[in-house]
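These notes are about the structure you will find just below.
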Amino acid sequence: MEVWVVFSVLAAAAQALRTAVQRRMAAPLGSYGAAYIRFSYACPIAWLCVIAYDSFAPSDFASLPLSFWLWINIAALTQVIFTVLLVQLFSHRSFAAAVAFSKTEVLQTAIFEALILGVVVTTQTGIAIAIGVFATVMLAFVKTQFSIDHIWQSIRSRQMAIGLAAGAFLGFCTVCYGAAMKAMIGGTLIGNAVYAAAIGVTIQAICFGAYIFIVRRQEFVASFVQWRGGAMAGVWAALTSICWFAAFANHEVAPVRAVGQVELLFSIGFSILYFKERVSRLELGAMALLALSIVMVLLD
(Lines give C-alpha, C1' and ligand atoms only; values in the text may rest on other atoms or scores of the structure.)
Protein backbone atom coordinates (compact mmCIF):
# COMPACT_ATOMS: atom_id res chain seq x y z
CA MET A 1 0.00 0.00 0.00
CA GLU A 2 1.23 3.50 -0.86
CA VAL A 3 2.64 5.56 2.01
CA TRP A 4 0.30 8.48 1.32
CA VAL A 5 -2.74 6.19 1.50
CA VAL A 6 -1.69 4.90 4.93
CA PHE A 7 -1.24 8.42 6.26
CA SER A 8 -4.55 9.57 4.70
CA VAL A 9 -6.49 6.77 6.39
CA LEU A 10 -4.72 7.34 9.72
CA ALA A 11 -5.50 11.07 9.46
CA ALA A 12 -9.15 10.34 8.72
CA ALA A 13 -9.43 7.95 11.67
CA ALA A 14 -7.79 10.41 14.08
CA GLN A 15 -9.99 13.21 12.74
CA ALA A 16 -13.13 11.18 13.40
CA LEU A 17 -12.00 10.60 16.99
CA ARG A 18 -11.13 14.30 17.41
CA THR A 19 -14.58 15.29 16.14
CA ALA A 20 -16.22 12.86 18.58
CA VAL A 21 -14.40 14.52 21.49
CA GLN A 22 -15.39 17.99 20.26
CA ARG A 23 -19.05 16.99 19.96
CA ARG A 24 -18.99 15.66 23.51
CA MET A 25 -17.42 18.90 24.77
CA ALA A 26 -19.80 21.19 22.86
CA ALA A 27 -22.33 21.18 25.73
CA PRO A 28 -20.01 22.32 28.55
CA LEU A 29 -17.84 24.59 26.38
CA GLY A 30 -20.10 26.00 23.68
CA SER A 31 -19.47 25.85 19.93
CA TYR A 32 -16.44 28.15 19.88
CA GLY A 33 -14.86 26.59 22.96
CA ALA A 34 -15.27 23.10 21.51
CA ALA A 35 -13.73 24.29 18.25
CA TYR A 36 -10.77 25.90 20.02
CA ILE A 37 -9.64 22.81 21.93
CA ARG A 38 -8.47 21.25 18.66
CA PHE A 39 -5.84 24.01 18.44
CA SER A 40 -5.02 24.92 22.04
CA TYR A 41 -4.34 21.39 23.26
CA ALA A 42 -2.79 20.20 19.99
CA CYS A 43 -0.13 22.94 20.21
CA PRO A 44 1.87 21.62 23.21
CA ILE A 45 1.34 18.02 22.13
CA ALA A 46 2.70 18.76 18.64
CA TRP A 47 5.81 20.39 20.10
CA LEU A 48 6.29 17.41 22.42
CA CYS A 49 6.27 15.27 19.28
CA VAL A 50 8.95 17.53 17.79
CA ILE A 51 11.11 17.15 20.92
CA ALA A 52 10.55 13.38 20.99
CA TYR A 53 11.44 13.01 17.31
CA ASP A 54 14.51 15.20 17.73
CA SER A 55 15.74 12.99 20.58
CA PHE A 56 15.66 9.96 18.25
CA ALA A 57 16.85 11.71 15.09
CA PRO A 58 18.74 14.89 16.03
CA SER A 59 19.41 17.46 13.29
CA ASP A 60 17.03 15.62 10.99
CA PHE A 61 14.65 18.53 10.35
CA ALA A 62 14.35 20.47 7.13
CA SER A 63 15.42 24.06 6.60
CA LEU A 64 12.52 26.47 6.19
CA PRO A 65 12.75 28.97 3.32
CA LEU A 66 10.62 32.10 3.10
CA SER A 67 8.16 30.34 0.78
CA PHE A 68 7.42 27.80 3.51
CA TRP A 69 6.57 30.55 6.02
CA LEU A 70 4.36 32.26 3.46
CA TRP A 71 2.38 29.12 2.66
CA ILE A 72 2.10 27.85 6.26
CA ASN A 73 0.80 31.20 7.52
CA ILE A 74 -1.76 31.49 4.72
CA ALA A 75 -2.86 27.89 5.31
CA ALA A 76 -3.16 28.27 9.09
CA LEU A 77 -5.11 31.52 8.86
CA THR A 78 -7.50 30.27 6.18
CA GLN A 79 -8.18 27.17 8.26
CA VAL A 80 -9.05 29.44 11.19
CA ILE A 81 -11.50 31.29 8.92
CA PHE A 82 -12.97 27.93 7.87
CA THR A 83 -13.43 27.01 11.53
CA VAL A 84 -15.21 30.31 12.27
CA LEU A 85 -17.55 29.81 9.29
CA LEU A 86 -18.29 26.22 10.29
CA VAL A 87 -19.10 27.25 13.86
CA GLN A 88 -21.44 29.94 12.52
CA LEU A 89 -23.40 27.23 10.72
CA PHE A 90 -24.33 25.71 14.08
CA SER A 91 -26.73 28.60 14.70
CA HIS A 92 -28.69 28.04 11.49
CA ARG A 93 -31.78 25.90 11.32
CA SER A 94 -30.66 24.17 8.10
CA PHE A 95 -27.38 23.09 9.65
CA ALA A 96 -27.19 19.73 7.86
CA ALA A 97 -27.91 21.32 4.49
CA ALA A 98 -25.25 23.98 5.04
CA VAL A 99 -22.68 21.40 6.08
CA ALA A 100 -23.53 19.47 2.92
CA PHE A 101 -22.30 22.37 0.82
CA SER A 102 -19.10 22.57 2.88
CA LYS A 103 -18.46 18.97 1.82
CA THR A 104 -17.66 20.25 -1.68
CA GLU A 105 -14.23 20.97 -0.16
CA VAL A 106 -12.58 18.04 -1.97
CA LEU A 107 -13.82 19.25 -5.36
CA GLN A 108 -12.69 22.79 -4.57
CA THR A 109 -9.32 21.44 -3.45
CA ALA A 110 -8.80 19.91 -6.89
CA ILE A 111 -9.67 23.23 -8.52
CA PHE A 112 -7.35 25.25 -6.26
CA GLU A 113 -4.52 22.77 -6.71
CA ALA A 114 -4.83 23.08 -10.49
CA LEU A 115 -4.94 26.88 -10.36
CA ILE A 116 -2.21 27.44 -7.74
CA LEU A 117 0.18 24.54 -8.15
CA GLY A 118 -0.62 23.51 -11.73
CA VAL A 119 -1.43 19.94 -10.63
CA VAL A 120 -4.39 18.51 -12.53
CA VAL A 121 -5.99 15.23 -11.44
CA THR A 122 -6.56 12.43 -13.93
CA THR A 123 -9.98 11.86 -15.47
CA GLN A 124 -10.60 8.83 -13.27
CA THR A 125 -9.67 10.66 -10.07
CA GLY A 126 -11.78 13.65 -11.16
CA ILE A 127 -14.84 11.41 -11.65
CA ALA A 128 -14.11 9.72 -8.33
CA ILE A 129 -13.97 13.09 -6.56
CA ALA A 130 -17.31 14.11 -8.11
CA ILE A 131 -18.91 10.82 -6.98
CA GLY A 132 -17.46 11.27 -3.48
CA VAL A 133 -18.76 14.83 -3.20
CA PHE A 134 -22.24 13.69 -4.31
CA ALA A 135 -22.15 10.89 -1.72
CA THR A 136 -21.11 13.21 1.13
CA VAL A 137 -23.84 15.69 0.20
CA MET A 138 -26.37 12.84 0.28
CA LEU A 139 -25.16 11.80 3.73
CA ALA A 140 -25.49 15.36 5.02
CA PHE A 141 -29.03 15.73 3.66
CA VAL A 142 -30.27 12.29 4.65
CA LYS A 143 -31.23 13.27 8.22
CA THR A 144 -33.30 16.19 6.97
CA GLN A 145 -36.45 16.53 4.94
CA PHE A 146 -34.94 15.09 1.79
CA SER A 147 -37.01 16.58 -1.04
CA ILE A 148 -36.44 18.61 -4.18
CA ASP A 149 -38.20 21.63 -2.64
CA HIS A 150 -36.07 21.44 0.50
CA ILE A 151 -32.85 21.18 -1.52
CA TRP A 152 -33.90 24.10 -3.76
CA GLN A 153 -34.65 26.26 -0.71
CA SER A 154 -31.28 25.35 0.76
CA ILE A 155 -29.49 26.28 -2.47
CA ARG A 156 -31.02 29.78 -2.35
CA SER A 157 -30.29 30.27 1.35
CA ARG A 158 -27.59 32.22 3.17
CA GLN A 159 -26.48 28.95 4.73
CA MET A 160 -25.54 27.66 1.29
CA ALA A 161 -23.21 30.62 0.77
CA ILE A 162 -21.58 30.09 4.17
CA GLY A 163 -21.25 26.35 3.55
CA LEU A 164 -19.64 26.85 0.14
CA ALA A 165 -17.33 29.51 1.59
CA ALA A 166 -16.31 27.13 4.38
CA GLY A 167 -15.54 24.43 1.82
CA ALA A 168 -13.56 26.92 -0.28
CA PHE A 169 -11.41 28.05 2.65
CA LEU A 170 -10.76 24.46 3.72
CA GLY A 171 -9.90 23.43 0.17
CA PHE A 172 -7.62 26.44 -0.25
CA CYS A 173 -5.84 25.86 3.07
CA THR A 174 -5.12 22.19 2.29
CA VAL A 175 -3.51 23.18 -1.00
CA CYS A 176 -1.42 25.79 0.85
CA TYR A 177 -0.37 23.15 3.38
CA GLY A 178 0.68 20.92 0.51
CA ALA A 179 2.73 23.78 -0.98
CA ALA A 180 4.34 24.45 2.41
CA MET A 181 5.37 20.82 2.78
CA LYS A 182 6.92 20.74 -0.67
CA ALA A 183 8.78 24.00 0.05
CA MET A 184 10.71 22.44 2.95
CA ILE A 185 14.35 21.71 2.08
CA GLY A 186 15.85 18.44 3.27
CA GLY A 187 14.68 16.51 6.31
CA THR A 188 12.62 13.32 6.39
CA LEU A 189 8.93 12.68 5.71
CA ILE A 190 7.97 12.18 9.36
CA GLY A 191 10.29 14.86 10.72
CA ASN A 192 8.98 17.46 8.28
CA ALA A 193 5.37 16.53 9.00
CA VAL A 194 5.86 16.81 12.77
CA TYR A 195 7.74 20.10 12.46
CA ALA A 196 5.23 21.71 10.08
CA ALA A 197 2.27 20.51 12.16
CA ALA A 198 3.70 22.10 15.31
CA ILE A 199 4.30 25.41 13.54
CA GLY A 200 0.88 25.45 11.88
CA VAL A 201 -1.11 24.61 14.99
CA THR A 202 0.81 27.23 17.00
CA ILE A 203 -0.26 29.94 14.56
CA GLN A 204 -3.85 28.69 14.78
CA ALA A 205 -3.89 28.47 18.57
CA ILE A 206 -2.73 32.10 18.82
CA CYS A 207 -5.00 33.53 16.10
CA PHE A 208 -8.19 31.61 16.92
CA GLY A 209 -7.51 32.05 20.63
CA ALA A 210 -7.30 35.83 20.19
CA TYR A 211 -10.54 35.77 18.19
CA ILE A 212 -12.66 33.87 20.70
CA PHE A 213 -11.06 35.74 23.62
CA ILE A 214 -12.66 38.83 22.11
CA VAL A 215 -16.00 37.43 20.91
CA ARG A 216 -16.56 34.47 23.32
CA ARG A 217 -14.35 35.07 26.35
CA GLN A 218 -16.43 32.83 28.60
CA GLU A 219 -15.99 29.89 26.22
CA PHE A 220 -12.27 30.67 25.91
CA VAL A 221 -11.87 30.41 29.70
CA ALA A 222 -14.08 27.31 29.89
CA SER A 223 -11.90 25.51 27.32
CA PHE A 224 -9.02 25.60 29.82
CA VAL A 225 -11.12 24.98 32.94
CA GLN A 226 -12.50 21.80 31.32
CA TRP A 227 -9.04 20.57 30.39
CA ARG A 228 -9.65 16.98 31.40
CA GLY A 229 -12.33 16.56 28.78
CA GLY A 230 -10.70 18.69 26.11
CA ALA A 231 -7.12 17.40 26.22
CA MET A 232 -7.87 14.28 24.16
CA ALA A 233 -9.10 16.50 21.33
CA GLY A 234 -5.59 17.94 21.22
CA VAL A 235 -4.01 14.48 21.08
CA TRP A 236 -6.14 13.41 18.12
CA ALA A 237 -5.84 16.83 16.44
CA ALA A 238 -2.03 16.75 16.61
CA LEU A 239 -1.96 13.22 15.19
CA THR A 240 -4.42 14.26 12.47
CA SER A 241 -2.26 17.21 11.39
CA ILE A 242 0.95 15.16 11.35
CA CYS A 243 -0.63 12.44 9.21
CA TRP A 244 -2.23 14.92 6.79
CA PHE A 245 1.06 16.76 6.36
CA ALA A 246 2.96 13.53 5.75
CA ALA A 247 0.42 12.56 3.09
CA PHE A 248 0.58 16.03 1.46
CA ALA A 249 4.37 15.81 1.30
CA ASN A 250 4.20 12.41 -0.37
CA HIS A 251 1.42 12.96 -2.92
CA GLU A 252 -0.91 15.46 -4.58
CA VAL A 253 -3.41 17.10 -2.23
CA ALA A 254 -6.73 16.40 -3.99
CA PRO A 255 -6.38 12.57 -4.08
CA VAL A 256 -5.24 12.64 -0.45
CA ARG A 257 -8.37 14.54 0.61
CA ALA A 258 -10.52 12.25 -1.55
CA VAL A 259 -9.23 9.16 0.26
CA GLY A 260 -9.58 11.07 3.54
CA GLN A 261 -13.34 11.06 3.07
CA VAL A 262 -13.21 7.59 4.57
CA GLU A 263 -13.57 9.59 7.81
CA LEU A 264 -17.32 9.68 7.14
CA LEU A 265 -17.43 5.89 6.99
CA PHE A 266 -15.53 5.73 10.29
CA SER A 267 -17.99 8.20 11.86
CA ILE A 268 -21.04 6.29 10.63
CA GLY A 269 -19.57 3.00 11.79
CA PHE A 270 -18.93 4.57 15.20
CA SER A 271 -22.57 5.71 15.36
CA ILE A 272 -23.84 2.25 14.47
CA LEU A 273 -21.61 0.30 16.84
CA TYR A 274 -21.68 2.57 19.91
CA PHE A 275 -24.87 4.61 19.59
CA LYS A 276 -26.91 1.81 17.97
CA GLU A 277 -28.26 4.16 15.32
CA ARG A 278 -30.11 2.68 12.39
CA VAL A 279 -28.90 3.22 8.86
CA SER A 280 -31.40 3.97 6.10
CA ARG A 281 -31.21 2.60 2.55
CA LEU A 282 -30.31 6.06 1.32
CA GLU A 283 -27.37 6.18 3.75
CA LEU A 284 -26.23 2.72 2.64
CA GLY A 285 -26.37 3.87 -0.99
CA ALA A 286 -24.37 7.01 -0.20
CA MET A 287 -21.81 4.98 1.75
CA ALA A 288 -21.44 2.59 -1.20
CA LEU A 289 -20.87 5.53 -3.57
CA LEU A 290 -18.31 7.04 -1.20
CA ALA A 291 -16.48 3.71 -0.93
CA LEU A 292 -16.55 3.42 -4.73
CA SER A 293 -15.01 6.89 -5.13
CA ILE A 294 -12.19 6.03 -2.72
CA VAL A 295 -11.48 2.75 -4.50
CA MET A 296 -11.40 4.57 -7.86
CA VAL A 297 -8.77 7.00 -6.51
CA LEU A 298 -6.70 4.13 -5.13
CA LEU A 299 -6.83 2.21 -8.42
CA ASP A 300 -5.87 5.21 -10.53
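The values are calculated or read from the model by the stated rules, or taken from the named source; none is laboratory data. Because the structure is predicted, anything quoted here is derived from the model rather than measured. Don't worry about glycine lacking a Cβ; one is built from the backbone with ideal geometry, like all the others, and counts go over all protein chains shown.
Observations on the structure shown:
- ALA161, sole failed condition from (1) over 14 Å from the mean Cα position of the chain (by Cα); (2) surrounded by 22 or more Cβ atoms within 10 Å (Cβ to Cβ); (3) modelled with pLDDT of 75 or more: (2)
- Residue in segment 241-248 that is part of a helix (DSSP H, G or I), surrounded by fewer than 21 Cβ atoms within 10 Å (Cβ to Cβ) and of a type outside the set (Phe, Trp, Tyr) present: no
- Candidates VAL262, VAL194 - the one that is within 22 Å of ASN73 (Cβ to Cβ), in contact (Cβ under 8 Å) with a residue 12 or more places away in the chain and among the hydrophobic types (A, V, I, L, M, F, W, C): VAL194
- Whichever residue in segment 260-287 is small (Gly, Ala, Ser) and modelled with pLDDT under 80 and, among such residues, is farthest from GLY126 (Cα to Cα): SER271
Okay, residues lined up against (1) surrounded by fewer than 21 Cβ atoms within 10 Å (Cβ to Cβ); (2) charged (D, E, K, R):
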| position | (1), (2) |
| --- | --- |
| VAL175 | no, no |
| MET184 | no, no |
| ARG217 | yes, yes |
| ASN250 | yes, no |
| VAL253 | no, no |
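- Scanning segment 42-82 for residues that are aromatic (Phe, Trp, Tyr) and at pLDDT 95 or above, we see that the one that is surrounded by the fewest Cβ atoms within 10 Å (Cβ to Cβ) is TRP69.
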